[in-house]
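Here is the structure we will look at.
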Amino acid sequence: MGSTASTLPPATADDCIPPKKRGNWHDAQQPESSIPPKKRRTWQDVQQPVQNLDWISAMPDDVLIKILSLMTIREAATTDCLSSKWRHLWENVPYLRLTASALGMQVLAPNYHENLDFWNSEATKFVHKVNELLRHHSGNGVQKFKVRFPLTSAHASDLDRWVAFAAASGAKSFELSLCNRHNDMVTVQHVEPYNFPLKYFADVGHCNLHQLWLSNCSLEMVNSNLNGFSYLDRLVLDSVSVVDAVVLNIMSNCCALNMLGLRKCHQLINVRVYHAQLLRMDVYDCKSLISINIHAEKLKYFSYMGHKVDVEYEYAPVIQRLHAHFIKKNECPLECIGAFPELRTLILQFPSRLQVRRVLQNSKKFSGLKEIVLYILTSWEKSIHSVAYLLKAAPLVETFSLEAYGTLNPLNKLKIKWPKECALGMLHTIRIGGFSGEPELMLLLFFLLKRSPLLKNLLIDPHQRHYQGFDRWKAAKPADDATRCFYARGVAWTHLAPKIPSTVKFRVM
């Protein structure tokens with residue numbers, strides 16, 4: 001017993017670890033180098049099936065079509081070569097934006113009509129591309145159909161097919177702008193503008209059109225019932241040759257119309273608007289216009305820009321926002337303002353100085369105003385006190401904005417007679433745009449600072465911008481405006497900032 005125990009090797013720490021599973025006797029007898037190594041699964045092996053899976057193509061068709069609709073139509077059409085699944089997907093995109101840039105063509109310059117050969121060549125290419133796209137498109141589920149390119153009646157047959165496609169496809173929004181991106185009219189000699197065929201929207205039962213924007217074409221009367229406009233809620237006619245009776249006829253068929261826009265429709269003379277659902281109306285730069293008659297019980301927004309016309313509000317009791325941009329000298333936009341108990345925002349453009357007596361004659365019409373915006377096209381000098389009288393007539397005004405279009409002026413001393421007992425107890429925001437350091441504007445600001453105890457914000461922006469209509473603005477070129485802006489900022493910080501109370505947030509753009 002003793003001798004046997006003495007021959008055993010001493011115990012080690014390995015004796016406490018359970019023995020691993022051993023191979024068979026044959027494996028144990030083979031050399032270690034001859035035993036094939038056990039293959040291990042690496043992370044690359046696990047990822048390989050995932051990498052080979054085309055996740056995008058596995059998405060539902062409606063999701064892929066929505067992705068394609070975010071591209072230009074030319075980019076979407078090129079996906080048909082990816083696989084059989086993609087071959088016809090682009091033919092169902094709901095948004096068809098057919099412009100020169102979207103089709104990979106050169107965008108025409110504003111003076112494109114000076115080179116008729118080049119214009120004809122580009123127009124032919126554009127028409128061919130659009131015809132090919134519409135020939136392959138399914139025509140189902142179209143939400144928006146937009147065509148923008150300078151075309152005329154010379155392309156009437158193709159344009160008619162495009163209009164027919166828009167009506168038959170049930171498009172909800174249709175824009176036909178026969179101009180370039182600068183919205184310039186086609187002025188080609190001996191070529192008439194395209195006559196938009198209203199017949200495609202007459203006596204139809206499947207049309208679902210909600211928005212229609214026409215530019216640089218003409219409209220003629222049709223005797224049929226335009227029931228294709230039954231759901232139309234937005235109509236804009238821009239540079240369209242149309243007479244008063246046609247507009248009245250179209251509106252009589254638009255039972256759901258909410259917005260009407262008329263711009264550069266120079267054949268309009270006496271516009272009559274009778275509509276129960278109309279909420280907004282914009283009339284801009286119609287040169288032959290004499291009068292506007294409005295009978296719209298739900299109209300809340302009315303905007304006019306151009307020469308002086310007679311505006312008769314037969315029935316418009318709920319107007320809340322009124323724009324009046326006059327462009328001719330000695331014409332006062334206050335004359336087109338009616339007595340509106342719900343009026344809250346007044347936006348006026350003055351081509352010449354406002355007289356105090358005109359403000360006082362209309363003082364009762366401003367009692368409920370909350371916002372006043374003024375555009376001053378010339379220097380008012382001492383007549384700037386008319387602005388103070390206007391604000392005095394609006395004791396509830398909370399926001400006041402003034403857009404000036406002056407030039408560099410030295411800080412001359414002016415003696416201005418301001419209105420007495422003028423308390424602007426509700427005014428909390430003042431914005432001065434196009435500021436050039438005019439002495440009359442500086443004195444107006446000093447006056448307002450003393451009369452506005454609740455003033456919280458004062459913004460000075462030297463950059464000038466011009467109103468283009470339809471809520472669009474055009475800013476002055478920075479290169480042409482740099483010197484004036486630099487000078488205006490210096491005047492604001494040097495002469496105005498020290499007199500502003502600490503409770504007012506003062507900013508200079």
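The values are calculated or read from the model by the stated rules, or taken from the named source; none is laboratory data. Because the structure is predicted, anything quoted here is derived from the model rather than measured. Cβ sites come from the backbone with ideal geometry, for glycine too, and all protein chains shown count toward neighbours. For the accessible areas, the whole protein counts, side chains as well, though only heavy atoms, and no ligand, DNA or RNA atoms are used. Shrake-Rupley method; radii C 1.70, N 1.55, O 1.52, S 1.80 Å.
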Check: Of the residues that sit in the stretch 72-98 and are buried (at least 19 other Cβ atoms within 10 Å of the Cβ) and among the β-branched types (Val, Ile, Thr), which one is modelled with the lowest pLDDT?
Finding: Ile73
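Residue-wise test of (1) in a helix (DSSP H, G or I); (2) under 25 Å from Thr429 (Cβ atoms); (3) modelled with pLDDT under 80; (4) open to solvent by 40 Å² or more (accessible area, probe 1.4 Å).
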{"site": "Leu322", "(1), (2), (3), (4)": "no, yes, no, no"}
{"site": "Phe340", "(1), (2), (3), (4)": "no, yes, no, no"}
{"site": "Leu348", "(1), (2), (3), (4)": "no, yes, no, no"}
{"site": "Ser352", "(1), (2), (3), (4)": "no, no, yes, no"}
{"site": "Lys365", "(1), (2), (3), (4)": "yes, yes, yes, yes"}
{"site": "Val373", "(1), (2), (3), (4)": "no, yes, no, no"}
{"site": "Ile384", "(1), (2), (3), (4)": "yes, yes, no, no"}
Next item on the list: From Asn208, Asn258, Asn225, Asn216, grab the single residue that is at pLDDT 90 or above and open to solvent by 40 Å² or more (accessible area, probe 1.4 Å).
Entry: Asn258
Next item on the list: Within the stretch 467-477, identify whether any single residue is at pLDDT below 90, farther than 30 Å from Leu260 by Cβ, within 32 Å of the chain's Cα centre (by Cα) and open to solvent by 10 Å² or more (accessible area, probe 1.4 Å), and answer yes or no.
Entry: yes
Notebook entry, point to check: Within the stretch 233-256, which residues are touching a strand residue (DSSP E or B) at 6+ places or on another chain (Cβ under 6 Å) and in a loop (DSSP other than H, G, I, E, B)?
Noted result: Ser239, Val240
Margin query: I need every pair where a residue in the stretch 484-502 that is hydrophobic (A, V, I, L, M, F, W, C) has its Cβ under 8 Å from the Cβ of a residue that is open to solvent by 60 Å² or more (accessible area, probe 1.4 Å), sequence separation at least 6 or different chains.
Written below: Cys485/His463; Val491/Leu411
